[in-house]
Amino acid sequence: LIQVVGVKEHEKFKGVYWVSFEDGTERLATINLTPGKRVYGEQLIQWEGREYRIWNPYRSKLAAAIMNGLKIMPIMEGTRVLYLGAASGTTVSHVSDIVGNEGIIYSVEFSPRVFREFMEKLVDQGRKNVIPILADARYPEQYVHIVKSVDVAYIDIAQPFQAKILADNADVYVKSHGYVMLVIKAMSIDVTKEPSETFKREIDVLKDRGYEILDMVHLEPYDTAHAMVIGRKTS
Ligand code: SAM
């Protein structure tokens, strides 16, 4: 195994770290909120009394966006997040590490089979800041009794009309001047369109709905035909 030679905080984002290895490589990581527990087979690193989990950009689009120079990342300690498309919780787990026990992640997933796997992992790990919700993100009113006001809404559901679904949720749950994070998957939105055309169309939906676009990065080489967009409510 290649030895770790250092850990330092990310130059812009609190709660995100760079782990340096003796071969000169650097990898993203977060502090493990549930030490000793892995979520998706990731490497655990012990350094100066803390345990870090390596954050794989090929498995998590948020990590890919950070690797590709994302400038604004509105998730930090204490942030309240509505996460749409939790799947089995790979990215949710790193967001959970970052927001810590003062933050919360309402995590919506609509596939019962995937949700069961997500629940089993959560129970095994004992992550207390993740609230799993089996629901369809297209109908935000389904979880109005569970979700409180949040700072950030994040969507990665690989379905058509993602920007619209994100705005429908953010209109209800994101606080004034709060943030939205949109993963656009060009292929699953419209296979007949060029990615850039799809990206523009989805961004225009957010603009029309009153969101200012702050940042956008493509996710190659970690994910092809994907982009991450960061927006903010203008009121
Ligand atoms: N965000 C995850 C991560 O990085 O670890 C990966 C998400 S995966 C690309 C998309 C997930 O969204 C799938 O698990 C799928 O079942 C879920 N999904 C698709 N449409 C949905 C909807 N309308 N409501 C809730 N979840 C949905």
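The values are calculated or read from the model by the stated rules, or taken from the named source; none is laboratory data. Quick caveat, the model's predicted, so the values are computed rather than measured. Note: ideal-geometry Cβ built from the backbone for every residue, glycine included; neighbour counts use all protein chains shown. Accessible surface is based on the protein model in full, side chains and every heavy atom, while ligands, DNA and RNA are left aside. Shrake-Rupley method; radii C 1.70, N 1.55, O 1.52, S 1.80 Å.
Data table
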quantity	calculated
Pick from segment 122-131, criterion β-branched (Val, Ile, Thr) and open to solvent by 20 Å² or more (accessible area, probe 1.4 Å), ranking: farthest from the ligand (Cβ to nearest atom)	Val123
Residue list for segment 101-121, restricted to those being open to solvent by less than 20 Å² (accessible area, probe 1.4 Å) and assigned to a helix (DSSP H, G or I)	Phe118
Residues that are hydroxyl-bearing (Ser, Thr, Tyr), free of Cβ contacts under 8 Å to residues at least 60 places away in the same chain and open to solvent by 10 Å² or more (accessible area, probe 1.4 Å), drawn from segment 46-99	Tyr52, Ser88, Thr90
Criterion (assigned by TED's automatic domain parsing to the domain that holds His226, within 11 Å of the ligand (Cβ to nearest atom) and in contact with a Ser or Thr (Cβ under 6 Å, 6 or more places away or on another chain)) met by exactly one of Val92, Val108	Val92
Residues satisfying the stated conditions in segment 68-81, i.e. more than 13 Å from Met216 (Cα to Cα) and within 15 Å of the ligand (Cβ to nearest atom)	Ile75, Val81
Enumerated strands (runs of 3 or more DSSP E) restricted to segment 166-235, each holding at least 2 residues that are more than 15 Å from Tyr83 (Cα to Cα) and either among the acidic types (Asp, Glu) or open to solvent by less than 30 Å² (accessible area, probe 1.4 Å) (or both)	211-218, 226-233
Selected residue (criterion: nearest to Ile75 (Cα to Cα)) from residues of segment 134-155 that are open to solvent by 30 Å² or more (accessible area, probe 1.4 Å) and in contact (Cβ under 8 Å) with a residue 24 or more places away in the chain	Ser149
